[in-house]
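The values are calculated or read from the model by the stated rules, or taken from the named source; none is laboratory data. Keep in mind it's a predicted model, so treat the numbers as computed, not measured. Positions of Cβ are backbone-derived with ideal geometry, glycine not excepted, and every protein chain shown enters the neighbour counts.
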Amino acid sequence: MDIPRLLDAPMDRGDNQLEHKTEVLGGSTDRVRTVKTLVVKKKRRRRDKNQRDGDNSLLLNLTLDVNDLRQQVHDCIVQKSLWETRQLVAREQFHARSLQSVGHFFQLFRHGYPAILTAVEKRFLSELVDENIAVGGGVRGRAQFLEQWRRYKQLFSVRRLRNFSVRVASSDAGGCLIECCGEFEGRVTAAALETVFPHVLGDAALVEQLLHRPFVCPTRTLISIDARGCLVQYDAFSDVFEAMSKLLDSNPVRVMQLMADAAISEGSLLPPVDGSIVDVEDVQQESGNTSPASSTTSRSSIDFILS
């Protein structure tokens with residue numbers, strides 16, 4: 001047989017058909033694969049679109065919520081600012097009323113305890129001074145408060161009281177604290193020596209150096225006003241030590257002798273006054289008596305309290 005010829009001969013028809021079918025099937029598979037790929041991509045695109053739409057919707061809602069919150073925060077800030085402004089105005093008005101009340105009070109007591117109080121003045125004091133006011137040293141009550149003013153008038157013959165400065169020292173929702181710095185002018189009476197400085201009555205020279213001598217006493221007062229505008233605490237600090245020191249020419253021995261056992265308690269409170277003690281000079285000044293006999297008043301008073 002001619003083997004080389006057979007090898008070079010064309011292939012059989014059946015083999016050609018098989019090859020054709022294989023090519024057709026291969027093409028169909030590629031198309032199916034392509035279709036599936038397109039379907040998958042389409043689904044993915046749809047899913048991605050839905051996701052983007054959902055994200056955009058969520059972002060829009062969040063943006064609206066954030067804007068709403070911003071508006072609410074802005075409204076709150078505005079309301080807070082308005083509230084603070086109203087509180088500030090109310091506080092300033094309260095301070096002004098309190099300072100005015102304190103000023104009126106000291107105007108009423110500018111010469112010490114008034115000899116006569118009108119009905120209007122009594123009503124003012126009853127409205128301003130709390131019934132349970134704290135005076136110092138555990139002492140409370142409106143009556144005790146006014147009694148201290150009366151004792152200062154009786155013992156030190158207070159002639160004038162003035163404040164150099166009056167200011168609001170502190171303030172809160174419960175009220176305010178007002179600080180007053182000033183002085184009062186008075187005179188050492190026989191009643192003061194017998195009541196406040198009885199331990200020096202045996203020293204005639206010291207008594208003569210003090211009796212009827214005018215003095216100026218520095219004062220610092222802290223006044224507590226509550227939210228009602230009532231005076232609920234009155235802490236007075238009268239520097240009697242400095243006042244007496246000037247009368248005694250700053251002699252430390254004499255000053256210590258006088259002040260060591262002075263009957264002045266915490267809060268500058270004075271003891272009760274013996275009503276039987278009468279200061280002759282006070283009586284003459286109140287009656288306007290200027291007779292020559294008044295020249296012996298001081299000597300008579302000294303002899304009286306030393307007797």
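Worth pointing out:
- Annotation note: of F124, F156, F184, the sole residue that is surrounded by fewer than 18 Cβ atoms within 10 Å (Cβ to Cβ) and more than 24 Å from the chain's Cα centre (by Cα) is F124.
- Verdict on I277 being modelled with pLDDT under 95, on the phi < 0 side of the Ramachandran plot and in contact with a helix residue (DSSP H, G or I) (Cβ under 6 Å, 6 or more places away or on another chain): yes
- Leading residue by the ranking (farthest from the chain's Cα centre (by Cα)) among those in the range 222-267 that are surrounded by 15 or more Cβ atoms within 10 Å (Cβ to Cβ) and either β-branched (V, I, T) or at pLDDT below 90 (or both): V255
- Number of residues in the range 108-163 that are in contact (Cβ under 8 Å) with a residue 24 or more places away in the chain and on the phi > 0 side of the Ramachandran plot equals 4.
- For the range 67-104, the tally of residues that are farther than 15 Å from I225 by Cα, among the aromatic types (F, W, Y) and surrounded by 11 or more Cβ atoms within 10 Å (Cβ to Cβ) stands at 0.
- Some residue of the range 204-214 being farther than 22 Å from S250 by Cα, in contact with a strand residue (DSSP E or B) (Cβ under 9 Å, 6 or more places away or on another chain) and not polar (S, T, N, Q): no
- Q79 vs. criteria under 22 Å from the mean Cα position of the chain (by Cα), at pLDDT 90 or above and not hydrophobic (A, V, I, L, M, F, W, C): no
- Pair list, Cβ < 7 Å and 6+ apart or interchain, from the range 77-105 residues that are under 23 Å from K122 (Cα atoms) to residues that are surrounded by 10 or more Cβ atoms within 10 Å (Cβ to Cβ) and modelled with pLDDT under 90: none
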